[in-house]
């Protein structure tokens, strides 16, 4: 590759199946002087599969600030540096943004080498329409989650998250509180042998077992068409029990929204029941 120039190459790699990589990406990696990666052990599996022998530099969120200046110096000396993530397209919820900004500041050449992304892969099989908002990883603290949800709940787009499988049931409670009128799609082990998809109305989804590991790509649909909230028969005692349970955890407004959608009842009727209970 005679026209292979010095600079920073942002190289997309497979999210699971090692054969999901472009010929250009392989050519770039073969001609790189050094390759930055999150986990050298995981990246070695890919490079060994294609018999690529290059020096790997561990580059992650805990050391990227410290290493960035030395990497910039290498590129300025004419080196060709590639950055890859553990899976998918680098800098999408992965380290590298600090280095990218510094390269832009120093007027260093940047070359995107496109390929697989868990975001677009999940969206392509979600059965939802093409308009989506990518958020990425959610925080673990309830207060932070509540603040984010207040900002996101009114976005009438599909919303994509990356979540650890072990915490999905924790986040599911949060989703049901704020995004009750949506569908949910979960993609697990995409492109691998045990690839699994889950598609349900959010309120009906019971969650996953505690033995599920790895990382999930989760898509919440845009809001579903409004339910036809005509008068329906319902058991008032059962409904009161349900409302009491929710009032212990959520605000009056959230309870009215949640219960009315879940039971297909007019908000006014649910609101009046809530007031009776609170009195």
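The values are calculated or read from the model by the stated rules, or taken from the named source; none is laboratory data. Only a predicted model underlies this, so the values are computations on that prediction, with no experimental measurement involved. Don't worry about glycine lacking a Cβ; one is built from the backbone with ideal geometry, like all the others, and counts go over all protein chains shown.
Out of the residues in the range 96-110 that are part of a loop (DSSP other than H, G, I, E, B) and surrounded by 17 or more Cβ atoms within 10 Å (Cβ to Cβ), which is modelled with the highest pLDDT? Write out each step before concluding.
Taking the range 96-110 as the starting set, the residues that turn out to be part of a loop (DSSP other than H, G, I, E, B) are 96, 106-109.
When the remaining residues are screened for being surrounded by 17 or more Cβ atoms within 10 Å (Cβ to Cβ), the result is 96, 108.
Values: 96: 93, 108: 97.
Here the residue is 108.
What about residue 180, is it under 29 Å from the mean Cα position of the chain (by Cα) and closer than 30 Å to residue 20 by Cβ? Against the criterion (under 29 Å from the mean Cα position of the chain (by Cα) and closer than 30 Å to residue 20 by Cβ), residue 180 does not qualify. Just one of the numbered conditions (1) surrounded by 16 or more Cβ atoms within 10 Å (Cβ to Cβ); (2) within 21 Å of residue 118 (Cβ to Cβ) is not true of residue 176: (2). Quick check: is even one residue across the range 48-55 free of Cβ contacts under 8 Å to residues at least 60 places away in the same chain, within 22 Å of residue 110 (Cβ to Cβ) and surrounded by 12 or more Cβ atoms within 10 Å (Cβ to Cβ)? Yes; the residues of the range 48-55 include at least one that is free of Cβ contacts under 8 Å to residues at least 60 places away in the same chain, within 22 Å of residue 110 (Cβ to Cβ) and surrounded by 12 or more Cβ atoms within 10 Å (Cβ to Cβ).
Rundown of residues vs (1) modelled with pLDDT of 95 or more; (2) over 17 Å from the mean Cα position of the chain (by Cα); (3) surrounded by fewer than 18 Cβ atoms within 10 Å (Cβ to Cβ); (4) under 17 Å from residue 214 (Cβ atoms), yes/no style:
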site	(1), (2), (3), (4)
83	yes, yes, no, no
91	no, no, yes, no
94	no, no, no, yes
112	yes, yes, yes, no
132	yes, no, no, no
165	no, no, no, yes
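For the range 7-63, how many residues are over 26 Å from the mean Cα position of the chain (by Cα) and under 21 Å from residue 74 (Cα atoms)? Of the residues in the range 7-63, 14 are over 26 Å from the mean Cα position of the chain (by Cα) and under 21 Å from residue 74 (Cα atoms).
Would you confirm whether any residue within the range 213-233 is in a strand (DSSP E or B), more than 15 Å from the chain's Cα centre (by Cα) and either modelled with pLDDT of 90 or more or farther than 17 Å from residue 118 by Cβ (or both)? Before the answer, list the steps.
To start, the set of residues in the range 213-233 that are in a strand (DSSP E or B) comprises 215-220.
With more than 15 Å from the chain's Cα centre (by Cα) added as a condition, the list becomes none.
There is no residue in the range 213-233 that is in a strand (DSSP E or B), more than 15 Å from the chain's Cα centre (by Cα) and either modelled with pLDDT of 90 or more or farther than 17 Å from residue 118 by Cβ (or both).
Scanning the range 137-163 for residues that are closer than 15 Å to residue 254 by Cα and either in contact with a strand residue (DSSP E or B) (Cβ under 8 Å, 6 or more places away or on another chain) or at pLDDT 95 or above (or both) gives a single hit, 152.
Take the conditions under 23 Å from residue 190 (Cα atoms) and in contact (Cβ under 8 Å) with a residue 60 or more places away in the chain and apply them to residue 128. Does it pass? Answer is yes for this residue.
For residue 63, the conditions (1) closer than 18 Å to residue 97 by Cβ; (2) in contact with a helix residue (DSSP H, G or I) (Cβ under 6 Å, 6 or more places away or on another chain) all hold with the exception of (2).
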